[in-house]
Amino acid sequence: MSRMSNFSFVEDDILRGNIYTAFEHLMELVYLSDLPTYTSSLRSSFRKTAIVYTASIIEALLVWFLKSMVSEENLTRETKSFKISRELYKINNQDRIVLGSHVVSIEHVKLGKLNLGDINTLCRDHSVINEQIYKDVDKVRILRNRLHIGTLTAIDSEYSTKDLEFVFSVARAIKKIKSTK
């Protein structure tokens, strides 16, 4: 059985082909991350890249499930903000008492312009995934976002086999969605 059949439920040929390619790269990285001939730093680097590929597959599957279950016209996002109308009183040049209003705006979203966090929230809000999967995907998102090294508050040097196994378990849970919907 080919690995392509792992994603045969994805009806979009281009998406299925791209997922398959990412999966092939992922399998090569996992193989390399297990070889004792490489330094632990290099094996960690392979795991980090594998996590990025797996997160990409998770994101692609979530978008595909969302598109197949909810029309794009019905996808909206609510934004809440507080608009300050007037400063009433200033305390110690730091704190202030203001008069304002709570503003809620609803916007239609375009799936191609969303990040994994937004996609995850939309999937939860439209009952594509349950709360536990939502939390797990958010953990994957946080782990994957460690690739943005300019925003890290600590040195990022270790990706463990446990990290990789967790991300794989989330990907397996996402794959099972098709059979439950």
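Please tell me if Arg96 is open to solvent by 90 Å² or more (accessible area, probe 1.4 Å), touching a Lys or Arg at 6+ places or on another chain (Cβ under 6 Å) and modelled with pLDDT under 90.
Yes; evaluated as a whole, the condition is true for this residue.
Filter region 66-103 for residues that are in a helix (DSSP H, G or I) and more than 14 Å from the chain's Cα centre (by Cα); which is farthest from Ile129 (Cα to Cα)?
Out of the qualifying residues, it is Glu73.
If you take the residues of region 40-77 that are touching a Phe, Trp or Tyr at 6+ places or on another chain (Cβ under 7 Å) and aliphatic (A, V, I, L, M), which of them is nearest to Asn18 (Cα to Cα)?
This residue is Ile57.
The rows are residues; the columns are (1) closer than 16 Å to Gly112 by Cβ; (2) open to solvent by 20 Å² or more (accessible area, probe 1.4 Å).
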| site | (1), (2) |
| --- | --- |
| Asp12 | yes, yes |
| Thr21 | no, yes |
| Glu28 | no, yes |
| Tyr31 | no, yes |
| Asp34 | no, yes |
| Ser40 | no, yes |
| Leu61 | yes, no |
| Leu66 | yes, no |
| Glu73 | yes, yes |
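Name every residue in region 111-126 that is loosely packed, with under 15 Cβ neighbours inside 10 Å and free of Cβ contacts under 8 Å to residues at least 40 places away in the same chain, in order of residue number.
Selection gives Gly112, Lys113, Asn115, Gly117.
If we keep just the residues of region 14-57 that are among the hydrophobic types (A, V, I, L, M, F, W, C) and either in contact with a Ser or Thr (Cβ under 8 Å, 6 or more places away or on another chain) or not in a helix (DSSP H, G or I) (or both), which is farthest from Asn120 (Cα to Cα)?
Leu35
The values are calculated or read from the model by the stated rules, or taken from the named source; none is laboratory data. Being a predicted model, the structure only gives us computed values, none of them experimental. So basically every Cβ, Gly included, is an ideal-geometry build from the backbone, and we count neighbours across all protein chains shown. All accessible areas refer to the heavy atoms of the entire protein, side chains included, with ligands and DNA or RNA removed. Shrake-Rupley method; radii C 1.70, N 1.55, O 1.52, S 1.80 Å.
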